[in-house]
Amino acid sequence: MSCCVKAAARMNGLKGYVGAPRSSLIDLPLAGTECPVPLEGTPDFIAGYPHQESVLQLLAERWNVPTDMLLLTAGADEAIDRACRAFVDPGARVVTTTPTFEMIAHFAALAGGVVDTVPWLTGSLPVDALIRKAHGAALLVIVTPNNPTGTAATREEIRHIASALPSTLILVDAAYGEFVDDDYALGNIAGSNILHLRTLSKAWGAPGLRIGYSVAHPFVIDRMRAAGGPYTIAHPSLVFAEDWLCDHADDARVYCDRIREERTLLREVLISLGVDVEPSQANFVLARTPRAKWLVDSLASLGISTRHFPHVENAVRITCPGDGVQFERLCLALRASLAPEAIIFDLDGVLADVSTSYRQAIIQTVASYSVPVTAEDIQNAKARGNANNDWVLSLRLIQGRSVYAEFEDVKERFEAYYQGTEHTPGLHTTEKLLGDAAFLNRLKKHVRLGMVTGRPRRDAERFLNLHGLRDCFESLVCMEDAELKPDPAPVRLCLEQLGVQAAWMIGDTPDDAVAARGAGVIPVGVLPPGDAPEILRQGLETVGVARILDDVNQLEGLLP
């Protein structure tokens, strides 16, 4: 070696296991302990120990290096682990940037190393600070493009650091290297004390294969080979990897081009929404906003997972999907989360207290068939979902006790209790307004308001007019207008009538949340008045609402 790399003392004399070569003339291999005659039906590629030669040769041609400068590992993670085992003695220092890939500190700790860090959140690589900090260290790890920030180092910066620290191994984790603007800009940066890591998990879209590889001086590769087992990659993964490298190089390039386009557009969308986003060279961006936790939870409510980093203030990592349709879905969800055009309300349990009206009408209707039912029974039914029609729910509760009833008769009895007769006032007269009417009037000055309810229009209009709220809602979708929730049709109709796409929906049942999500609207739950709120809370949590409010007035504090 032209430079001296500190090697862990405990590794001295250790050699990596190498299986015995097998002559092509051998047709009954009894030198090993594997099954010499494959069991009937066993595919050839799992009948013996895996061989890496074909994949190594493809990578050697790709990087223009000899195969003794390459090591295949079970993902780039295993390469980091092996490097720590091979070059870090207990008490030795490992230097890296912060924030960065969390497994670096983990593997360093497993080897007994002590981790020192240099901040690198934005801008160019802090070369001078790293050189000062890593003087005398066993290992310096640079992730570029960095995870989770997307910031990147240059080949010249890494070579300068390696030259300044000849006794330190410089591990360059370039798992996201193919995504940089200048494709393969890092190139083959292998030097006597540089260990360059790559993977098929990112740009090649094959994380399930668990194949990473290292490019380094043969001395470094030999030490790493000795620091792990001989067969950590299964033969099926090697077979697929060979196919991927031979036949999917163009696909990987097209995908990387798409990612570069998307991350630019994604950054523009986020900035337009008031989010701080530094330029990225990876397949993700790091968004920084005081609403980071809400952003993660609201996107998750629409089935989109992102990563919140508590140790990086107000930070969310958002990966580019690399697909036009899914990218549009992401952008709409971001706008809905951070800049909703409309708020859609359910009525019952959200703005109307129906604990003594609709709920009581269900109890009395079912009881008229000599079937006892409690408010908790109704809450359990609502929490299970598909219970937006109280006439149907009443019939279901009756039939659940093996009592025969006709739907029209159940509906007639229910309506008599709820609407009243010439002799008795209807239960609807007991309904109270939940929340603050002044809040809705303030809200409508900033966003458009709509309502989607399972009530008949007569009942909905009556309640809203009674409390002076009808003019607050530009769209009122009722039972007669579309399929009932959890079908997303009424929510979509409300969006169409409002002329918007990005919206939230406030509801008190899983049916509300399921309908909202089906229409691409962020579901927010609210607990209605009544007994056993934990039942409804659990039901709302199960369907993944973005937030659960104790009452609708808390919505004001949630809005941007």
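Among Cys320, Cys331, which is touching a strand residue (DSSP E or B) at 6+ places or on another chain (Cβ under 7 Å), within 24 Å of Arg260 (Cβ to Cβ) and not assigned by TED's automatic domain parsing to the domain that holds Cys472? Steps first, please.
Details: Cys331 fails: touching a strand residue (DSSP E or B) at 6+ places or on another chain (Cβ under 7 Å).
Matching residue, one of Cys320, Cys331: Cys320.
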Report summary line: Here the qualifying pairs (Cβ atoms under 7 Å; residues six or more apart or on different chains; first in the range 493-512 and in the same structural domain as Val545 (by TED's automatic domain parsing) and closer than 16 Å to Cys478 by Cα; second charged (D, E, K, R) and in a strand (DSSP E or B)) come out as Leu498/Arg448
Query raised in the report: Quick one: how many residues across the range 377-396 are modelled with pLDDT under 90 and of a type in the set (Asp, Glu)?
Result: 1
Query raised in the report: What pairs come up if the first residue lies in the range 409-423 and is part of a strand (DSSP E or B), the second is buried (at least 20 other Cβ atoms within 10 Å of the Cβ), and their beta carbons are under 9 Å apart, counting only those six or more places apart or on different chains?
Result: Gly420/Leu427; Gly420/His428
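Name every residue in the range 533-558 that is outside any helix (DSSP H, G or I) and either outside the structural domain of Asp487 (by TED's automatic domain parsing) or surrounded by 14 or more Cβ atoms within 10 Å (Cβ to Cβ) (or both), in order of residue number.
Of the range 533-558, the ones outside any helix (DSSP H, G or I) are 543-551.
The answer is Val543, Gly544, Val545, Ala546, Arg547, Ile548, Leu549, Asp551.
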Query raised in the report: Name the pairs: first residue in the range 354-378 and free of Cβ contacts under 8 Å to residues at least 24 places away in the same chain, second residue part of a loop (DSSP other than H, G, I, E, B) and among the aliphatic types (A, V, I, L, M), Cβ to Cβ under 9 Å, at least 6 apart or on different chains?
Result: Ile363/Val373; Ala367/Val373; Ile378/Ala387
Report task. For the range 29-62, enumerate the residues that are outside any loop (DSSP other than H, G, I, E, B) and under 30 Å from Pro218 (Cβ atoms). Result -> Phe45, Glu53, Ser54, Val55, Leu56, Gln57, Leu58, Leu59, Ala60, Glu61, Arg62
Report task. With the condition kept exactly as written, say whether any residue in the range 68-85 is surrounded by fewer than 16 Cβ atoms within 10 Å (Cβ to Cβ), assigned by TED's automatic domain parsing to the domain that holds Arg198 and either assigned to a loop (DSSP other than H, G, I, E, B) or among the aromatic types (Phe, Trp, Tyr) (or both). Result -> no
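Considering every residue within the range 517-525, establish whether at least one is among the β-branched types (Val, Ile, Thr), over 20 Å from the mean Cα position of the chain (by Cα) and either buried (at least 24 other Cβ atoms within 10 Å of the Cβ) or under 23 Å from Leu433 (Cα atoms) (or both). Let's see the steps before the verdict.
Just the residues of the range 517-525 that are among the β-branched types (Val, Ile, Thr), to begin with: 521-522, 524.
Filter again for over 20 Å from the mean Cα position of the chain (by Cα), leaving none.
Checked the range 517-525: no residue is among the β-branched types (Val, Ile, Thr), over 20 Å from the mean Cα position of the chain (by Cα) and either buried (at least 24 other Cβ atoms within 10 Å of the Cβ) or under 23 Å from Leu433 (Cα atoms) (or both).
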Report summary line: Only one of (1) crowded, with 18+ Cβ neighbours inside 10 Å; (2) in the same structural domain as Met505 (by TED's automatic domain parsing); (3) not basic (Lys, Arg) does not apply to Val410, and that is (2)
Report task. Please report, ordered by residue number, the helices (runs of 4 or more DSSP H) entirely within the range 431-503 with at least 2 residues that are under 33 Å from the mean Cα position of the chain (by Cα) and buried (at least 20 other Cβ atoms within 10 Å of the Cβ). Result -> 489-498
**Report entry** All helices (runs of 4 or more DSSP H) inside the range 271-376 with 1 or more residues being among the acidic types (Asp, Glu) and modelled with pLDDT of 95 or more
**Finding:** 292-301, 324-338
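Each row is one residue, and each column tells you yes or no for (1) assigned by TED's automatic domain parsing to the domain that holds Ile233; (2) at pLDDT 95 or above; (3) under 27 Å from Leu59 (Cα atoms).
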| position | (1), (2), (3) |
| --- | --- |
| Val114 | yes, yes, no |
| Trp120 | yes, yes, no |
| Leu125 | yes, yes, no |
| Gly150 | yes, yes, yes |
| Glu178 | yes, no, yes |
| Tyr184 | yes, no, yes |
| Gly191 | yes, no, yes |
| Pro218 | yes, no, yes |
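The values are calculated or read from the model by the stated rules, or taken from the named source; none is laboratory data. Fair warning: this is a prediction, and the values are worked out from it, not measured in the lab. Glycine gets a Cβ as well: all are built from the backbone with ideal geometry, and neighbour counts include every protein chain shown.
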